Amino acid sequence: MFAVGIDGCSNGWLASFSKPFDFKKCYCLYSKSLEELILKLPNKTFIIVDIPIGLDVKKHIRECDVIARAFIGPRRHSIFAPPCQKASLESNYESANILNKKITSHGLSKQTWMINDKIKETQKLIEKGYSLKEGHPECSFRELKGDFLRFGKSGLLGFFERLELLTNLGFATTSLSNQLSEEIKAKPDDLLDSLVLCWSASRHIQKKGIYLGLKNSSKTFNKSESLIHV
């Protein structure tokens with residue numbers, strides 16, 4: 001089985017995959033559509049994707065997001081509250097914001113709405129039978145470091161703080177970036193995010209991962225619960 005971490009980028013999706021913890025033999029792929037990307041992967045996979053999976057009907061923020069914010073402490077602002085189910089189906093930000101506020105008493109940030117197409121794209125694949133798990137790179141980096149991260153990922157110091165953690169695992173980021181199509185439009189941290197989710201997927205394959213959002217510590221949960229895999 002292969003461990004797969006997937007992150008969205010401005011014109012599609014980026015996947016990093018390897019055998020569990022065999023990061024020196026990691027590979028990277030890019031595709032415009034998520035389904036097209038998944039079909040390029042090996043047959044047996046455990047996939048963690050950086051996108052909200054399972055939207056709430058009435059609450060303005062899911063329990064797993066509240067727990068994840070506490071888990072990453074100073075980096076909590078990186079976890080957005082996704083739209084509720086009905087608001088996600090709206091065709092534009094203005095109407096979605098109004099509906100979300102009507103249902104949950106809270107509006108939507110424009111940053112959240114910018115990933116809504118990817119939320120819907122992911123949900124359609126789950127409804128078709130694809131097995132996709134939700135992750136959040138900042139939660140994975142926090143677990144990997146064993147402490148809160150000092151710097152935000154968009155800055156120079158934050159980029160290298162995360163790069164060092166991944167390099168210590170065996171990822172060769174320079175050679176991995178050379179595997180990607182020149183068509184990709186992505187930020188440097190998009191690659192790092194996919195890599196750390198590959199690490200989390202490796203943990204879950206070997207039953208070492210944790211679930212943010214679990215209501216108890218028994219590791220048994222309702223399939224309808226939204227969980228962040230770390």
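The values are calculated or read from the model by the stated rules, or taken from the named source; none is laboratory data. This structure is a prediction, so every number in the text was calculated from the model and none was measured. Because the Cβ atoms are built from the backbone with ideal geometry, glycine has one as well, and the counts that use them run over all protein chains shown. These accessible areas exclude ligands, DNA and RNA; they are computed on the full protein's heavy atoms, side chains included. Shrake-Rupley method; radii C 1.70, N 1.55, O 1.52, S 1.80 Å.
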Net charge over other residues, Cβ less than 12 angstrom from the Cβ of L125 (K, R count +1; D, E count -1): 0
Overall form of the range 1-106 per C-alpha gyration tensor (a/c, 1.5; a/b vs b/c): prolate
Relative contact order (percent, whole number), the chain, Cα cutoff 8 Å, 6+ residue spacing: 31
Given K40/K207; K19/K185; K102/K145; K25/K187; K19/K128; K44/K110, the pairs whose alpha carbons are separated by over 32 Å: K102/K145; K44/K110
Residues whose placed amide H lies under 5 Å from that of F2, excluding near-sequence neighbours: K44, T45, F46
Percent accessible area from carbon and sulfur atoms, the range 119-181, protein chains only, probe 1.4 Å: 52
Antiparallel %, DSSP beta bridges [both residues in the chain], to 5: 65
Cα centre as origin, Lys/Arg/Asp/Glu Cβ charges: the range 110-230 dipole, Debye: 480
Stretch gain in nm, segment N11-D117, where the contour uses 0.36 nm per residue and the Cα spacing is subtracted: 37.0 nm
Spacing of the two label points (7 Å from each Cα toward its C-beta) at S91 and D22, in nm: 4.9
Cβ charges +1 (Lys, Arg) and -1 (Asp, Glu), total dipole of the chain, debye: 620
Accessible area of the chain divided out per residue, in Å², using a probe of 1.4 angstrom: 51
